[in-house]
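As structure tokens, the structure follows; a few thoughts come after it.
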């Protein structure tokens, strides 16, 4: 059975984000004494569960690249495609350059955080209300949390908790966006949907 580009894109994006959610939970559970408040997410990449975390975040980036490719084929939305690819590069970088890498790790983490938030906002162009509004809100939540995190304002959540306020909204968006693309493709013919066409 041949699947539409939209459905394939949604499948890659959904699997990318959902497997990372599971990988993150497993890595946290296998790390003795790990605190989601006082430990950085990237501590998981150098601790007892480093293999699970680094593999999962690398896979997140790799699958997002495939998702972005098929999304571009489905909608020719170059802005979102570019943002997703940059997000993927950042995620892969986090998996390759752990926090022991210093500045390089900080840079790739920033790339992943920034462009994932922008991806969520840009995706609203492909969505109908209310999900288009939700996507923008989740993207702004992630970007806002990144700004607060950058100026050491943790709102009582600790560095780990605040870092998760950057990541979690984007993961929620990613699973929702991927699921939407899969479900919408079920209802549409293989050709592009006029309501989603974009010349960006």
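The values are calculated or read from the model by the stated rules, or taken from the named source; none is laboratory data. Everything numeric here is computed off the predicted structure, so don't read it as measured data. As a convention, Cβ positions derive from the backbone with ideal geometry for all residues, glycine included, and neighbour counts pool all protein chains shown.
Observations, loosely collected:
- Test: residue 98 is modelled with pLDDT under 95 and within 27 Å of residue 52 (Cβ to Cβ): yes
- If you go through region 26-80 and pick out every residue that is under 24 Å from residue 121 (Cα atoms) and surrounded by fewer than 22 Cβ atoms within 10 Å (Cβ to Cβ), you end up with 12.
- Taking region 20-62 as the range and being assigned to a helix (DSSP H, G or I), in contact with a helix residue (DSSP H, G or I) (Cβ under 6 Å, 6 or more places away or on another chain), more than 17 Å from residue 111 (Cα to Cα) and in contact (Cβ under 8 Å) with a residue 24 or more places away in the chain as the test, the residues that pass are 20, 21, 23, 26, 27, 45, 52, 53, 56.
- Of the residues making up region 147-166, those that are touching a residue at least 24 places away in the same chain (Cβ under 8 Å) and more than 17 Å from the chain's Cα centre (by Cα) are 157, 158, 159, 160, 161.
- Matching residues, region 106-132, being more than 12 Å from the chain's Cα centre (by Cα) and surrounded by fewer than 19 Cβ atoms within 10 Å (Cβ to Cβ): 106, 107, 110, 125, 128, 129, 130, 131, 132
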